[in-house]
Structure formats: C-alpha cells, structure tokens
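Enquirer: This is the structure I want to talk about, given as structure tokens.
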Amino acid sequence: MYAVKWSRLDNAAKIFPPSTSKTDTKVFRFSCELYAAVDAETLQYALNTALEQFPFYRMIIRRGFFWYYFEKSDIQPVVREEYKPPCAPLYDVNRKNLLFEITWYRKRINLEIYHALSDGVGALQFLRTIVYYYLLRKHAGEIDENTRMDDNNASDEQRSRDAFDTYYARDKGKAHKLPKGASDTNVSGAYHVRGERFPESRLGVIEGHVSAAAVLQKAHEYHATLSEFLTTVLFCSLSEGMTIRDRERPVTITIPVDLRKYFSTPSTRNFFSVINVTHDFSAAGSSNQGSFDAVLTGVKAAFKALLKPEKLHDRLIQLLSLEHAFAIKVVPLFFKVPVLRNAAWKAEKEQSAGLSNIGKITMPEAMVPYIRLFNIFSSTRGPHICLCSFEDTLVISFASPLVSSDVQRSFFRTLSNCALEVEIVSNTADLGV
Amino acid sequence: MLYCHKCKVTVLGTPRRCPLCQGDLKGGAADEENVFPVIPPLPASLKRRLLTFIAFGTIAVAVISVALNFALPFGNSTNADSGPVFWSFFVIAGLASLWLSFLVINNQWWNIPKIIFLQLFVISILVLLWDFFTGFRRWSLDFVIPILFSCSMIALAVFANVRKLKVQDYIMFLGIISVISIFSLLLIIFHVVTIIYPAMICFTLSIISLAFLWLFEGKSLGEELRRRMHL
C-alpha cells in the first residue's frame, strides 16, 4: 500500500526548519497541572484517542528539492516520564521522528511541540483534548460521560488545513504599503540582554502564579489590557539592567498575534503573525521617557496601531505573496536555507524580548475541579514571557537561556509591589551553575 | 512553601536561594512541590571522544610525514635522477579522502540507503581524481566506478528487501543511481574504457533496475517525485 499523505509547510512554518539550532530549538511546552499524580497508562490511552482526532500531529518533516514538506508517518508516540531538559530539540534534519512529545512528571502533563507543526493556540486544542480524555477515563465514575468539549465540532480535515492558504487571494496581492514609522518595520539592532548562558544550552524557566482577577484589576486601574500592562512591566524591567550605552538602542518586544481572532478558522496548524512594540529609552535621563506611565502610553498606542485587522491582513498578504512569488519558488532548497536562516537571524537582531499571551483557557465545567493550572513556555534566545490563565490562576512563565535573573526579579518584584501575591516555581536551581 | 522577604514572593519546591534575587528563603522546603525533575548533565559521548582522538592522530601523522619527507633524502635509490619524490603529499591526500568520505555520513549512520548513495558519489569522484593525478591510466573508469555503481544498485535492492523498507525511503536513491548508470554505455561506445565487462554489467543492471522501478513502483516513484519536487 502506498497511500502516504503529505502536505506543504504553511507560511509561518517555513522559517522554522532552517533556523532551528541547538541553542534555539523552536520547541515550546504546554503543560497542564492536575491535583493528583499523573497515571501513565491512562495518559497513553488519552493520547492515542486524541491523536485519532488530530491526524496532522503524526506528520514528520522531510526535505524536498524546493521546499520542506510534511509527510504522514505511522510512528506511535509513547508517553514517558520527563527525561530531558525543557524544550530540548525535537526536529533533527537527519532523523525521522515525530515533532511532538508527551511526557509527565508528578502532577504535570507536558506537551512539547515543534513550532513548525503548530502554534500555541493550535497545540492548546490538542492538549485540552488529551486532558479531556485523560480525566474522562481516570474519573469515570465522577465525571458525567456525556461531558463534551465546547469546540469539538471541527472535522479532522478542517483542523489540518493551512489557514494561511485559506486567506490568500492573489488579486489582493497588491498589499497597501505599510506606513513608515510604524514599529513593525525594521528596527535595526535592538537592545539585547547579554551574559552567561546555562550549560548545554538549557533553558531556565521561572513560573509566577498570580490571581488573574487581581492582575486584571491592576491593569484596568491603568486603563490597559493585561497584555499592555505586562508588556509595559517587561519594558521597565529590561530598562533597569541597561547601561547608558545600551540606552542608545531601542528596546523591542515581539508579540505573536493569534490570527484566529481576526480571521476565523478551525485550523490547529500555525496561524499567527507578530508585532514588534518598540520603546526608546535614550532620552530617559533628561525627561520622564522611562517612567511607567510614559512607557504604557507608548505601548497602548502601538497596540492600537498594529492590531488593526486591515493592518494584520496587509502583513499576511505581504508575507504570502513573497512565498507565492515564482522566482522564489523555483530556487532549490539548498540555496533557500541560508537565505531563510539569514532572514531569521535578522529578525532576531531586532528583538530584545518576547511576550506571548495565550489567553484564557477553558475546560468543561465538570473537569475544572481536577485541574490546577495550565502553563506554557517556549525555547528562546533572550527573555521570553508566556501567559495563560485557567480559572483564576494566571501563569506567567519567564523562559531565558541566560543565567542572570535580573529581568525576572525586576518583573516579578513589580508585580509583588503592586500588592499582588506571587507564587514562584523554577528549574534554575538545578541547572548546574 | 518558602518565602523571599526581599522579593515578597512565595517560592515552591526546594531551591536553597530565591530564584529571582538569590537571597535567603524562609519557611519549609517541600520536595513534592517541584514541578521539574533534576536532569543530570549529559556525559560526553564516546563517539565524540573517539572522533577527537582520530582527528588529533590525523594531524599528527600528516605533519610527521611531511617532516620525514623533507628530513630523509629525496628520491629513491633505483632511479636517483627522477627528481624529488613528495610522497608525503599522497599521505595527506589519502587522509583527506578518508575524512571527506567519513564526514559525508556523519550523523546519519542509521540511514543506510542514504549512506550508500552519498558514499557512491564521494568515492567515485575521489577515485577519479586519484586516477587523474597519478597518470590517468583509467583504472577508475575501467574497473572501480562501474563496479561501485553495480554494487550500489544490488546493495540497495537487497537492503530494501531484507529490511522491508518503505518505497519512499530508497526509491529516489535507486532511481538516481540507475539513471546515471546508463551512461556507462557511453564509456563503451566512445572507447573510453578498454576493458568493457564492468561497464557492460553496470549498464545491464541499470536497465533491469529501471525496468523494475517503472513496472512495479512506477506510481510510487511518480508520487514521490511530485512530493519532492513540489513548488
């Protein structure tokens, strides 16, 4: 039988295989912490059942002559107790292995996934489905078996569809030129936090658990959204460690935007764009340019300007028309790889830090009492914050390959100084420094 | 549960210092609160250490052979008037060939069809170069290259059969080798080779192999090509 299904990499995924390295594995981890210890056997059952609904996650990446592509495999994933550092490499150009992995440790179920396969919101659907089947079987007597996931009506095929492709129309290829001065255009050489890195390119993760309602209330006091408020806190934390020379460079925070909010799709593959919010601290000494309120005003204005649907649409078309340009298509992959790698390197030079907000995670009401929290963090070269909330627990995961915890300290102290109760848990004590 | 008075945060798990400010922690540490297992550092792999030794040995042998070449009297006693003999050059070229062939397969030991495919081309080119720079007596074209191509086709077919490989895992390699093998006929027609048997066998095998691919796996080959060549 030769019925191998295959698929192209979507627009966002194309950049990942060439730019993956040992230091930046492009792997992110989504975890769900329960109140009871995880049972491996039930988890394996839950994974097998969920995988039937998400056949796309069985794909492996292969190299073609012009592009990488996904090829269906029949590899059966096996759940294991956590055995390697967080966000360790999953994709190896020479090896054929699945691009995701399910591990467990004590009360946590971890889904590690290679970014080419899916983005955070897509992976969340997969993890929720696994947790759903896990709890349904584990607590068979206690949870009503008719409990359903709210958004489970999309077909397998819909979930596997490339949403970028759905929203690309050639006649709209003539995107409006982006206005100059907007901070999503190139910012050359943003400020970078430097310093010693953890051995073996490991990732240090510091998680802060806070009450979602309390933070939200604090943000509303400033008339800001949660993302705007925490982005501002991050800006100020970064600026604290800057020297006068550093201040000459702009600080840029990259924020991934989930395009599903703007263009509806049931796809669980990549469908995101990024915006770069920039703040210039160079005049901070003379004026109040560096004060919290000044930064917040700038952040709010940038969010408003950059998150307009038409703007995101233009950006989408711009990127897609690049991919669909015939001259680019016909270049052999061998020559494309260095170009893509260079593009990724350039984009990285423009980033000081990252902040991803996955938002509010919901589970069927009958299952809520069994789940303590959801958590996400991602491999990164600089400081990177990921947020997600479940019920009233907002988890702020601060991932960084750098040994120094100055930015983290400043960030969480800002929160605790706002009279917020912060609970910290980390892996940095055992990283052998 | 621990508490850092400087950061005013609760700290879970068993860190000795505050993860944020490295300050003192008050309260009781609880191991069951840890959410990350301790992963010990990976030991340096044996392969890596072996490689380091071999690389070191290669450099040492190369340098010593050059030194000896210059230290000992040039030429040999049988024909003293033939000028200096730089035999150390052959030592270095030999070591370089070995390394080139070795580096090509580095990190893909388990992909046997790919190793066969890559080695075939690397060794063929190296053999051709060696032949060319040592007087071009055509032993590479007469014997080595046709025999290598014939053996590769047979080895791929046997390996694929024994290991029950999926069609897409070897079909491109076998296809490319077979197509290139056809050119062995040109070697015979244009009298490039003086001994025709190896080239003849190579040509015969290539036609048989292509016929097999076309008749039995034609559809799969087409699909694999479409995938690999998609724009």
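Enquirer: Over chain B, what is the relative contact order in percent, taking alpha-carbon pairs closer than 8 angstrom and at least six residues apart? Mind dumping the intermediate values first?
Expert: Details: 205 pairs, mean separation 26.0, N = 231.
It rounds to 11 percent for chain B.
Enquirer: What's the angle, to the nearest 10 degrees (0 to 90), between helix B:171-181's Cα axis and the longest principal axis of chain B?
Expert: Once rounded, one gets 30 degrees.
Enquirer: How much length is gained on full extension from B:His191 to B:Leu118, taking 0.36 nm per residue of separation minus their Cα-Cα distance?
Expert: 23.5 nm
Enquirer: Of all DSSP beta bridges located in the protein assembly as shown, what percent are antiparallel, nearest 5? Mind dumping the intermediate values first?
Expert: On the way: 61 of 75 bridges.
If we restrict to bridges inside the protein assembly as shown, about 80 percent are antiparallel.
Enquirer: Go through A:124-136, A:72-84 and give me the packing order, highest mean Cβ count within 10 Å leading.
Expert: Taking the mean over residues of other Cβ atoms within 10 Å, the ranking is A:124-136, A:72-84.
Enquirer: Report, to one decimal in Å, the Kirkwood hydrodynamic radius for the range A:233-367 based on all distinct Cα pairs.
Expert: 17.8
Enquirer: Any idea what the alpha-carbon Rg over 2.2 N^0.38 Å comes to for the range B:1-141? Don't skip to the answer; put the middle values down first.
Expert: Working: Rg = 30.0 Å, N = 141, 2.2 N^0.38 = 14.4 Å.
For the range B:1-141, the normalised Cα radius of gyration is 2.08.
Enquirer: Further, regarding this structure: Return the average number of partner chain Cβ atoms within 10 angstrom of each residue Cβ along peptide B:39-47. Working shown, then result.
Expert: Details: counts 12, 2, 6, 4, 0, 0, 0, 0, 0.
Mean inter-chain Cβ contacts per residue within 10 Å come to 3.
Enquirer: Continuing with this model, one more query. Checking buried surface per residue: for the range A:385-413, which residues lose a minimum of 30 Å² accessible area in the protein assembly relative to the chain alone (1.4 Å probe)?
Expert: SASA drop of 30 Å² or more in the range A:385-413: A:Ser405, A:Arg409, A:Arg413.
Enquirer: Can you compute the FRET efficiency between A:Ser264 and A:Asp156 using 1/(1 + (r/R0)^6), with r the Cβ-Cβ distance and R0 = 25 Å? Round to the nearest 0.05.
Expert: Efficiency for this residue pair is about 0.85.
Enquirer: Let me ask something else. Using each residue's phi in the range B:120-129, evaluate 6.51 cos²θ - 1.76 cosθ + 1.60 at θ = phi - 60° and report the 3J(HN,Hα) Karplus result to the nearest Hz, with x for Gly and Pro.
Expert: Result, rounded to whole Hz: 4, 6, 4, 5, 4, 5, 4, 4, 4, 5.
Enquirer: For the pairing of chain B with chain A, what total accessible surface becomes buried, with a 1.4 angstrom probe, in square angstrom to the nearest 100?
Expert: 4200
Enquirer: Then there's this: Given points 7 Å out from each Cα along the Cα-Cβ axis, report the A:Asn146 to A:Thr297 separation in nanometres with one decimal.
Expert: For A:Asn146 paired with A:Thr297, the spin-label model returns 5.8 nm.
Enquirer: Which FRET efficiency value, to the nearest 0.05, is calculated for B:Phe56 and A:Glu221 with the Förster distance at 56 angstrom and r the Cβ-Cβ distance?
Expert: The computed FRET efficiency comes out at 0.30.
Enquirer: Also, I was wondering about something else. Calculated FRET efficiency, B:Ile147 and A:Glu52, Cβ-Cβ r, R0 41 Å, to nearest 0.05?
Expert: Calculated transfer efficiency: 0.25.
Enquirer: Moving on. Hey, any idea what % of the range A:184-267's accessible area is carbon plus sulfur with a 1.4 Å probe? Can you show the working numbers first?
Expert: Working: 1870 of 3710 Å².
Accessible surface attributable to carbon and sulfur in the range A:184-267 totals 51 percent.
Enquirer: I would also like to ask the following. Would you check chain B for Lys pairs whose C-alpha atoms are within less than 28 Å, ignoring same-chain pairs closer than 8 in sequence, and give me the count?
Expert: Count of close lysine pairs: 8.
Enquirer: What order, most packed first, do the peptides A:225-233, A:21-29 have when packing is the mean number of other Cβ atoms within 10 Å of each residue? List each step's numbers first, then the result.
Expert: Numbers: A:225-233: 22.1, A:21-29: 19.3.
Output ranking for A:225-233, A:21-29: A:225-233, A:21-29.
Enquirer: Among A:Leu230, A:Ile15, A:Ser389, pick out the residue whose Cα is farthest towards the positive end of the charge dipole of chain A, where Lys and Arg carry +1 and Asp and Glu carry -1 on C-beta, about the Cα centre.
Expert: Comparing the listed Cα positions along the dipole, A:Ile15 ranks first.
Enquirer: Normalised radius of gyration for the protein assembly as shown, please: alpha carbon Rg relative to 2.2 N^0.38 Å, two decimal places.
Expert: Against the empirical 2.2 N^0.38 Å value, I get 1.15 for the protein assembly as shown.
Enquirer: Something else now. With label points built 7 Å along Cα→Cβ from the Cα atoms of A:Val368 and B:Val63, find their separation and express it in nm.
Expert: Computed distance between label sites A:Val368 and B:Val63 equals 7.2 nm.
Enquirer: Any idea how far the Cα center of the range A:355-379 sits from the one of the range A:1-66, in Å?
Expert: Value for the Cα centre distance between the two parts: 19 Å.
Enquirer: For the residue pair A:Lys96 and B:Arg48, what label-to-label distance in nm results when each label sits 7 Å from Cα along the Cα-to-beta-carbon direction?
Expert: According to this spin-label approximation, the distance is 2.8 nm.
Enquirer: Taking amide H atoms as placed 1.01 Å from N in the peptide plane, list the residues 5 or more away in sequence, or in a different chain, whose amide H sits under 5 Å from that of A:Asn357.
Expert: The list, which skips near neighbours in sequence, is A:Leu387.
Enquirer: Just going by the charge dipole of the range A:1-146, with Lys and Arg at +1 and Asp and Glu at -1 on Cβ, which of A:Leu98, A:Tyr35, A:Val121 is farthest out on the positive end?
Expert: It is A:Leu98.
Enquirer: Project the alpha carbons of the range B:119-231 onto their principal axes and report the range along each, largest first, in whole Å.
Expert: Principal extents (largest minus smallest coordinate, Cα): 45, 32, 23 Å.
Enquirer: Now for a separate question. Mind checking A:194-207 for the average number of partner chain beta-carbons within 10 Å of each residue's beta-carbon?
Expert: Partner-chain Cβ atoms within 10 Å, mean over residues of A:194-207: 1.
Enquirer: Right, here's the next one. List the lysines whose Cα lies under 16 Å from the Cα of A:Lys84, skipping any in the same chain that are fewer than 8 positions away.
Expert: Once the sequence-local lysines are set aside, what remains near A:Lys84 is A:Lys22, A:Lys26.
Enquirer: I need the peptides B:210-222, A:371-383, A:411-423 ranked by packing, meaning the mean over residues of other C-beta atoms within 10 angstrom, with the highest value on top.
Expert: Top to bottom by mean Cβ count within 10 Å: A:371-383, A:411-423, B:210-222.
Enquirer: Whole-Hz ³J(HN,Hα) for each residue in the range A:123-133, computed from phi via Karplus 6.51 cos²θ - 1.76 cosθ + 1.60 with θ = phi - 60°, x for glycine and proline: what do you get?
Expert: Taking θ as phi minus 60°, the curve returns 5, 4, 4, 5, 5, 4, 5, 5, 4, 4, 5 Hz for the range A:123-133.
Enquirer: Averaged over every viewing direction, what's the projected area of the C-alpha convex hull for the range A:379-433? Give it in nm², one decimal, please.
Expert: Seen from a random direction, the Cα hull of the range A:379-433 projects 4.4 nm² on average.
Enquirer: May I ask for the distance between the Cα centers of the range A:185-243 and the range A:74-118, given as a whole number of Å?
Expert: After rounding, the separation between the Cα centres reads 27 Å.
Enquirer: Mind putting a number on the dipole of the protein assembly as shown about its Cα centre? Charges go on the C-beta only, +1 for Lys and Arg and -1 for Asp and Glu, and I need it in Debye to the nearest 20.
Expert: Details: 71 positive and 59 negative charges, 291 e Å.
Once rounded to the nearest 20, the dipole reads 1400 debye.
Enquirer: Along the Cα-to-C-beta direction of A:His139, a point sits 7 Å from the Cα; which residues of the range A:370-413 have their amide N less than 11 Å from that point?
Expert: Only A:370-372 fall inside the zone, counting backbone N under 11 Å.
Enquirer: Please compute the average number of Cβ atoms from other chains found within 10 Å of each residue's Cβ in peptide B:221-229.
Expert: So the per-residue partner count for this stretch is 4.
Enquirer: Relative contact order of chain A, please, whole-number percent, based on alpha carbon pairs below 8 angstrom and at least 6 residues apart.
Expert: 25
The values are calculated or read from the model by the stated rules, or taken from the named source; none is laboratory data. What you see is a predicted model; the values in this text were computed from it and never measured. Don't worry about glycine lacking a Cβ; one is built from the backbone with ideal geometry, like all the others, and counts go over all protein chains shown. Side chains included, ligands, DNA and RNA excluded: accessible areas come from the protein's heavy atoms. Shrake-Rupley method; radii C 1.70, N 1.55, O 1.52, S 1.80 Å.
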